[in-house]
Amino acid sequence: MFKEPGKVYLIGAGPGDPGLLTLKGKEILSIADVVIYDYLANPELLKYCKEEAEKIYVGKKGGKHTFSQDKINKLLVLKAKEGKVVVRLKGGDPFLFGRGGEEVEELEKHGISFEIVPGVTSALAVPAYAGIPVTHRNYTSTLAIVTGHEADEKKETQVDFNALSKIGTLIFLMGVKKLFYIITNLIESGKKPDTPCAIIQWGTTPFQKTITGTLSDILEKAKNSKISSPAIIVVGEVVKFREKFNWFEKKTLFGKKILVTRTKEQAGKLKTYLENLGAWVYEVPTIQIVPLYNEKILHILKELHHYDWIVFTSENGVKIFYEIVFKNGYDLRILGPLKIAVIGKTTKKSLETLGIKPDLIPEGEYTQEGLSLAFQKLDLRGKKVLLIRAEEGREVLPKALINQGAEVTVLPIYKTVVPENSRERLNKVLEEGIDLITFTSSSTVKNFFFLLEKKESLQGIKFASIGPITSQTLREFGFEPHIEAKEYTVEGLVLAIKEFFDKKEEV
C-alpha cells in the first residue's frame with residue numbers, strides 16, 4: 001500500500017472479535033508508524049503492525065482516562081506533523097458514538113490529511129453473536145441506535161424517549177450504568193413492560209455473557225448476573241429469536257481459556273482453529289527455533305549428490321534447510337535425484353509449498369517409529385541417508401536405518417531454546433486461570449516446566465498432547481494428559497480437544 005507521510009487514518013477496530021477487522025484496516029495497520037488505540041480495540045490487532053511501530057494506549061476504562069480527548073486530538077496532530085503515518089484505532093466504528101467526528105475536526109483545523117476506515121459496529125455485531133437479528137420483516141423494520149452515555153456537559157438529554165417508544169428495535173450502547181433511567185423512561189413513554197429485552201456483555205468475544213428478560217424484570221436480572229460494562233442493551237420483539245438463533249455461545253470451546261505453547265511462528269494455525277471453536281487463546285511460546293550454521297552443514301551441501309535419501313523430521317527442518325540452501329547460492333536443483341522421506345503430513349505440506357512431493361511418508365503414525373516401519377519395506381543396504389533434524393533428537397530412526405544396512409549421517413541444522421521473557425508471561429497467565437494447556441512436542445513440555453514457578457498453579461487444568469511421545473514426556477514430569485491426538489498433527493490435536501469437550505457436554 002502506498003504510504004502518505006503525515007496522514008491520519010481513523011480505523012474502526014470492530015466490536016471485540018479480532019476477525020471482524022476489515023481487510024483495509026489490516027492493510028493500513030501494517031504500514032503505520034504510530035498506532036493510537038483504545039480500551040475496546042482488541043490488543044490482538046497490534047500484531048498486524050510493524051515491529052518498530054510506536055504503539056500508544058489512550059483508553060478509558062470505568063470512566064478513568066489515560067488521555068483526555070483534548071490530549072488525544074493534540075497527539076494525533078503532533079504525530080502527523082512529524083511526517084508519520086498515524087492510525088487512530090477505535091473500538092467499533094469511528095463515527096458511531098466514538099468521538100471520531102471531534103478528532104477529524106481537529107485534524108481538519110490543522111490542515112492534516114485524513115481518511116476514515118469504517119468498522120463493524122457492536123450495535124449490529126453483538127446482537128448477531130447473541131442470536132438476535134436486529135430487524136425481521138415479520139416483527140419490525142425500524143431500528144434505532146442510541147447512546148446510553150451522553151456528554152457530561154449536557155444539561156438536558158437529547159434522547160427523545162417518546163419517539164423511541166414507537167420504534168421496533170432499540171439498541172443502547174454504553175447504557176448499563178443508566179439501565180434504570182433507560183427502562184423507566186421507555187415504560188413511561190409507552191413501551192409495554194413485557195417488551196423483550198437483552199443485555200450482552202463483552203459481545204463477540206469468548207467472554208460474551210447474555211441475559212434476557214423484559215423491561216419489567218431485566219434490571220433485577222442484570223443485578224443478579226453482575227452485568228457490567230462493556231455491554232449493550234437490545235429492546236424489542238426480535239429478542240425472542242435468541243432462544244432459537246443462539247449460535248456463538250453454543251460453540252464447543254466457548255469461554256474456554258487455552259494456553260498454546262508452540263513457537264511464536266507456528267502457533268498461529270493452532271490458535272486460529274481453537275478460536276474458531278470459541279476458545280480464548282493465550283500464546284506463550286515455550287520454545288524458540290534457532291538455526292545452526294557451521295562448516296559441517298556447508299560441507300554436506302557440497303557433497304549432497306553422493307546421498308541416496310534425505311529425511312526431514314519436522315517442518316522446521318524443511319524451512320531452515322532451504323533457507324541455508326538459498327543463502328549459500330544453491331537452489332532446488334541441489335537435490336538432484338535424491339529421494340525424500342518425511343515424518344508426517346505437516347512436514348509433507350511444508351515440502352509441497354516448495355513444489356516438491358516426498359517419496360515416502362508413514363501410514364498413520366507420524367513418529368520416528370512410524371517412519372522406521374515405512375522404511376522397512378525398502379532395501380537400504382549400502383544406501384547413504386542424510387537425516388535433517390534438531391540438535392537434540394531421539395535416536396530411534398537413525399538406529400533403525402543403520403540396522404537396515406544404511407549409512408546414516410545425522411545433520412542438526414537447528415536447536416530449540418527457551419524464549420526470552422516467557423517466564424513472567426507464562427506464570428501471569430496461569431495465575432489468571434486456564435482451562436487447558438496444549439503441548440505439540442516434547443520440547444514444549446520440558447521448557448514449560450523449566451519456566452513454571454509453582455506446580456500448584458496447574459491444579460484443575462487439563463492437558464492436551466499431540467501424540468504418545470509428547471505424552472510420555474508429560475508423564476515424566478508427573479502429569480497425565482487428559483487428551484491425546486489420534487493423528488499426530490495440529491488438526492488431529494484440535495479434533496481430539498473438540499471431541500473431549502463435546503463428550504463432557506453430553507455428560
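FYI, it's all coordinate maths here, none of it is from the lab. Predicted model only: the values in this text are computed from it and were never measured. Virtual Cβ from ideal backbone geometry, glycine too; neighbours counted across all protein chains shown.
Qualifying trypsin sites (Lys or Arg not before Pro) in region 1-71, where qualification requires a DSSP coil assignment and no more than 15 other C-beta atoms within 10 Å, comprise LYS3, LYS50. Cross-link partners of LYS384 among aspartates and glutamates, defined as those whose alpha carbon lies under 13 angstrom from its own and excluding same-chain residues fewer than eight positions apart: GLU303, ASP308, GLU407. Diffusion coefficient of region 300-414 by Stokes-Einstein, Kirkwood radius over Cα pairs, 10 °C, 1.306 mPa s: 113 µm²/s.
Within region 50-110, list the GluC sites (Glu not before Pro) lying in a DSSP loop whose Cβ has at most 12 other Cβ atoms in a 10 Å radius.
Values: sites: GLU51, GLU52, GLU54, GLU82, GLU102, GLU103, GLU105, GLU106, GLU108; in loops: GLU51, GLU52, GLU82.
In loop regions of region 50-110 (DSSP not H, G, I, E or B), the sparsely surrounded GluC sites (Glu not before Pro) are GLU51, GLU52, GLU82.
Amide H to amide H distances under 5 Å link VAL146 with ILE171, PHE172, LEU173, where only residues 5 or more positions off or on other chains count and H is placed in the peptide plane. Which FRET efficiency, nearest 0.05, do SER113 and GLU303 yield, Cβ-Cβ r, R0 45 Å? Here the calculated transfer efficiency is 0.15.
Cα convex hull of the chain: how many Å³ per residue?
On the way: hull volume 96.9 nm³, N = 507.
Normalising the Cα hull of the chain by residue number yields 191 Å³.
Can you flag which of LYS256/LYS503; LYS399/LYS446; LYS166/LYS221; LYS3/LYS79; LYS428/LYS455; LYS339/LYS377 are past 19 Å Cα-Cα? The partial results should precede the final answer.
Details: LYS256/LYS503 15 Å; LYS399/LYS446 24 Å; LYS166/LYS221 25 Å; LYS3/LYS79 15 Å; LYS428/LYS455 13 Å; LYS339/LYS377 15 Å.
In this structure, LYS399/LYS446; LYS166/LYS221 lie more than 19 Å apart at Cα.
When the listed pairs LYS24/LYS357; LYS177/LYS244; LYS327/LYS349; LYS47/LYS349 are checked against a 32 Å cut-off, the alpha-carbon distance exceeds it for LYS24/LYS357.
Can you give the relative contact order of region 1-68 as a percent, counting alpha carbon pairs under 8 Å and 6+ residues apart? The partial results should precede the final answer.
On the way: 81 pairs, mean separation 18.5, N = 68.
Reported as a whole number, the value is 27 percent.
Projecting label points 7 angstrom from Cα along Cα→Cβ for GLU491 and ASN421 puts them 3.5 nm apart.
DSSP loop trypsin sites (Lys or Arg not before Pro) in region 101-154 with at most 13 other Cβ atoms within 10 Å of their Cβ, which ones?
Details: sites: LYS109, ARG137, LYS154; in loops: ARG137, LYS154.
Those satisfying the criteria are ARG137, LYS154.
Which whole-number percent is the relative contact order of region 164-307 (Cα, under 8 Å, 6+ apart)? Answer for region 164-307 is 22 percent. For region 83-96, the Karplus equation 6.51 cos²θ - 1.76 cosθ + 1.60, evaluated at θ = phi - 60°, returns couplings of x, 9, 7, 10, 10, 9, 9, 10, x, x, 10, x, 9, 10 Hz by residue, with Gly and Pro reported as x. Highest-first packing order for the peptide set 8-19, 167-178 is 8-19, 167-178, based on the mean count of other beta carbon atoms within 10 Å. In sequence order, region 406-416 has phi-based couplings of 7, 9, 9, 10, 8, 10, x, 10, 7, 9, 10 Hz under the Karplus curve 6.51 cos²θ - 1.76 cosθ + 1.60, θ = phi - 60°, and Gly or Pro positions carry x.
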